[in-house]
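What follows is a single structure, written as structure tokens, with notes after it.
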Amino acid sequence: MNQLTVRLPDGSERVLEDGATAADLAAQIGPGLAKAALTAVVDGTEVDLAASLTDGVTVELVTDRDERALHTIRHSTAHLMAQAILDLHPGATFAIGPPIEHGFYYDFELPDGKTLSDEDLAAIEDRMRSLVDEDQPFERHEISVDEALDLFSGEPYKVEMIKSFAGGAASSDDVGEISGDVVSYYRNSDTFLDMCTGPHVPTTGRLGHFKLQKVAGAYWRGDEKRPMLQRIYGTAWLNKKDLKAHLHRLEEAEKRDHRRLANEMDLVSWPEELGPGLAVWHPKGALIRTLMEDFSRQRHTEGGYEFAFSPHIAKSVLWETSGHLDFYADGMYPPMEMDGATYYPKPMNCPFHVMIYKSNQRSYRDLPIKIFELGTVYRYELSGAVHGLLRSRGFTQDDSHIFVTREDIAEQIADLLDFVLDMLRAFGFDDFQAKLSTRPEEKSVGDDEIWDMATEGLRSALDAHGLDYIVDEGGGAFYGPKIDVDVKDAIGRAWQLSTIQLDFNLPDRFDLEYIGADGDRHRPVMIHRALMGSIERFFGVLLEHYAGNFPAWLAPEQVRVLPVAEAHQEYAEQVASTLKAGGFRVDVDPATDPLGKRVRRGKVDKLPYVLVVGDDDVAAGTVGVNTRGEKDVDRDVTVEDFAARLHDDVDQKR
RNA sequence: GCCCGAGUAGCUCAGUCGGUAGAGCAACUCAUUCGUAAUGAGUAGGUCAGGAGUUCAAUUCUCCUCUCGGGCUCCA
């Protein structure tokens, strides 16, 4: 009998019988590994354990303790769910069911337009568990396109996939199961099979640490003109502990939901009477926002910006010239007729800043001109897209337009990137991920030279800052390349906040010019940029980032003084007014409630500091300091020392 | 906008297989004056999102509208 030799990752070799599979290899190495193995990586490609090995390959076995198995587990669990759905709802037809971050989903359609609700999830999950108990094998088969069309004739979405991608006519990224004229599928039982590229775990018995999460709608192929399919999302993990930890993280994230915290902390509300996506800022929220905006203004003053204001509406001619009515009309609020003219609420501030530029003849000596405005804009967001402060219909941008010569683009961008990162760091973010979006392949405006100059300017600024970035080739707008900056928050979620966007279009549309050193007229370039982006959204992100525990410089109430008993009320007020005189935000919580209750209230209210004052303190001129997040009380601290500490916190933006 | 779900006191929620509602917290009153995460007693608070229908009777069943949530799509 012939034999074959395979190499293991540690360099050792194993001799197997001809036709042996990865599972055979695992068994030969040891029973423990045979039990733990889920898939194999053969010469860098992940395959089923049942795949036959050939002479000379390098094989690595992926076990159920290997993070790399997650992808396969999730993918197989998606199949498991599809089988359960088909069992419970015969006649269901399936589209795609890929693994995603933390889990998987599957899109499908039930016969007669039947729909599922969250209550159906439990039944599907139960059915999945019994399929796990049945320990069905995932059997791989490969057939021709014609055979596949026949096999899947009852599955219109599968047929469409086979037809549109057969022969590798188009990108086959999402349908790896079809390569050339071979289609692979997996069979689990007499009744269930699914077109799929694999690999899968050996049997359904290897699955189990999953939970179905929600049922949702999803357009077929993500196209809103195509049918709306049903989608079930689930999560799946290597073991019970990981699953539990993930569910716990979700709960924690829910606890810091900015809409919940905004309500609990009395910061912002969304009265029904205003309409979707429109918020009112309560005094405490407004105080925090004012502090944020003041800080922004201060930074912009230091950064050499000039401030501007502009109205909330303007005549249609402005939006015709800017091109917004051509390109962005769907996102704009509807027009108002007045005095024979048509007015639109502004979706962006740029045309107004252009008007300021145009109000004078500009010389190259004037450039760059940096106009800054906290400008409130209105955008018609689809009702289903509105989401608290993170996606609203009225919001304020920390918006600036920099008018610059094309020669100065690179220098300005380098400056800007400094400015952006400094600002984000001040708000407690230090994990950044940037994205450089380059010229789109289709139509775009501007000559090659300026695109190259601008794109290189952006790229070199990113390099100079050592900023981690990805390049989105062709992802730029038709009017210029851009940099977007994502930040990671305290629980690892990424938020896109800042954007630096070049524009070769608006200066043309508005016929902007400056007189160069050569005495000729030249076209400036515009840079649009927002650091926080939308103040509302930024506030929402901050609220979630800090879980409501705003650092002292932003906390609406920085200190609360608690007299132990009524006898200490006067001293408490003295301490409070001393601190107030030092510019701090301080309140006194009188001794009408027991001390323990007031301490608790102070903690629940997320105050940076709660001071307790009693007999000892009155005598010595001290306070007892409770610091947020610390269990121990710092007794006998003089008022001066405490004030210095708080001052330091505010200074350091802690 | 599309799919699914939800809307009960200021907040978090219970409840009614159709007979117009209840708890905890918060608020208010009284007592308690206390050195570190909930003192006790009491009072008040609801057109059960809005409208229509079925019914002797609707918060409950049906339909429509509004708002919110989770997705999809969108975010020149």
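The values are calculated or read from the model by the stated rules, or taken from the named source; none is laboratory data. Just so you know, these numbers come straight off a predicted model, no measurement behind them. Reconstructed Cβ throughout: ideal geometry from the backbone, glycine too, with neighbour counts over all protein chains shown.
Say we look at the stretch A:468-482 and pick out the residues that are part of a loop (DSSP other than H, G, I, E, B) and more than 19 Å from A:H324 (Cα to Cα); which of these is farthest from RNA strand B (Cβ to nearest atom)? In this case the residue turns out to be A:D468.
In this structure, A:F419 does not qualify as within 16 Å of RNA strand B (Cβ to nearest atom), outside any loop (DSSP other than H, G, I, E, B) and in contact (Cβ under 8 Å) with a residue 40 or more places away in the chain. If the condition is being surrounded by 16 or more Cβ atoms within 10 Å (Cβ to Cβ), polar (S, T, N, Q) and more than 6 Å from RNA strand B (Cβ to nearest atom), then the stretch A:608-640 contributes only A:T622.
Can you tell me which residues in the stretch A:93-122 are of a type in the set (A, V, I, L, M, F, W, C) and within 14 Å of RNA strand B (Cβ to nearest atom)? Passing the criteria: A:A95, A:I96, A:I100, A:F104, A:F108, A:L110, A:L116, A:L121, A:A122.
Just to be sure before I move on: is A:P90 out of contact with any Cys (no Cβ under 7 Å at 6 or more places or on another chain), in a loop (DSSP other than H, G, I, E, B), farther than 20 Å from A:R140 by Cα and not assigned by TED's automatic domain parsing to the domain that holds A:P137 in the structure I sent? When the stated conditions are applied, A:P90 does not pass them. Give the residues of the stretch A:254-286 that are aliphatic (A, V, I, L, M) and touching a helix residue (DSSP H, G or I) at 6+ places or on another chain (Cβ under 8 Å), sorted by residue number. Answer for the stretch A:254-286, where residues must be aliphatic (A, V, I, L, M) and touching a helix residue (DSSP H, G or I) at 6+ places or on another chain (Cβ under 8 Å): A:L261, A:A262, A:M265, A:L267, A:V268, A:A279. In a residue-by-residue description of the stretch A:502-509, the property of being touching a His at 6+ places or on another chain (Cβ under 9 Å), part of a loop (DSSP other than H, G, I, E, B) and farther than 16 Å from A:D452 by Cβ applies to no position.
For the stretch A:356-375, residues that are surrounded by 15 or more Cβ atoms within 10 Å (Cβ to Cβ) and either within 16 Å of RNA strand B (Cβ to nearest atom) or not hydroxyl-bearing (S, T, Y) (or both) total 12. Within the stretch A:222-233, is even one residue under 30 Å from A:R129 (Cβ atoms) and more than 9 Å from RNA strand B (Cβ to nearest atom)? Among the residues of the stretch A:222-233, at least one is under 30 Å from A:R129 (Cβ atoms) and more than 9 Å from RNA strand B (Cβ to nearest atom), which makes the answer yes.
Here's the yes/no breakdown for (1) at pLDDT 95 or above; (2) in a helix (DSSP H, G or I); (3) surrounded by fewer than 20 Cβ atoms within 10 Å (Cβ to Cβ):
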{"position": "A:V541", "(1), (2), (3)": "no, yes, no"}
{"position": "A:E544", "(1), (2), (3)": "no, yes, no"}
{"position": "A:A547", "(1), (2), (3)": "no, no, yes"}
{"position": "A:A552", "(1), (2), (3)": "yes, no, no"}
{"position": "A:A555", "(1), (2), (3)": "yes, no, no"}
{"position": "A:V561", "(1), (2), (3)": "yes, no, no"}
{"position": "A:A567", "(1), (2), (3)": "no, yes, yes"}
{"position": "A:Y571", "(1), (2), (3)": "yes, yes, no"}
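So that you can scan it fast, the table gives a plain yes or no per residue for (1) part of a loop (DSSP other than H, G, I, E, B); (2) surrounded by 14 or more Cβ atoms within 10 Å (Cβ to Cβ):
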site: A:F104; (1), (2): no, yes
site: A:D107; (1), (2): no, yes
site: A:L116; (1), (2): yes, yes
site: A:L121; (1), (2): no, yes
site: A:D126; (1), (2): no, no
site: A:L131; (1), (2): no, yes
site: A:I143; (1), (2): no, yes
site: A:D146; (1), (2): no, no
site: A:L149; (1), (2): no, yes
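Residues A:F352, A:F395, A:F403, A:F327: which one is without any contact (Cβ under 8 Å) to a residue 12 or more places away in the chain and either outside the structural domain of A:S296 (by TED's automatic domain parsing) or within 16 Å of RNA strand B (Cβ to nearest atom) (or both)? Sole residue among the options that is without any contact (Cβ under 8 Å) to a residue 12 or more places away in the chain and either outside the structural domain of A:S296 (by TED's automatic domain parsing) or within 16 Å of RNA strand B (Cβ to nearest atom) (or both): A:F327. With respect to the conditions (1) over 25 Å from the mean Cα position of the chain (by Cα); (2) of a type in the set (A, V, I, L, M); (3) under 30 Å from A:V650 (Cβ atoms), A:A279 falls short on a single one, namely (1). Would you point out the residue of the stretch A:578-607, among those that are more than 39 Å from the chain's Cα centre (by Cα) and among the small types (G, A, S), that is farthest from RNA strand B (Cβ to nearest atom)? Out of the qualifying residues, it is A:A581. Looking at A:E101, A:E147, just one residue is in contact (Cβ under 8 Å) with a residue 24 or more places away in the chain, among the acidic types (D, E), at negative phi and in the same structural domain as A:Y219 (by TED's automatic domain parsing), and that residue is A:E147.
With respect to the conditions (1) more than 20 Å from A:S400 (Cα to Cα); (2) within 16 Å of RNA strand B (Cβ to nearest atom), A:V317 lacks only one, and its number is (2).
Mind checking which residues of the stretch A:424-471 are polar (S, T, N, Q) and more than 30 Å from A:A555 (Cβ to Cβ)? Scanning the stretch A:424-471 gives A:S437, A:T438, A:S444, A:T455, A:S460.
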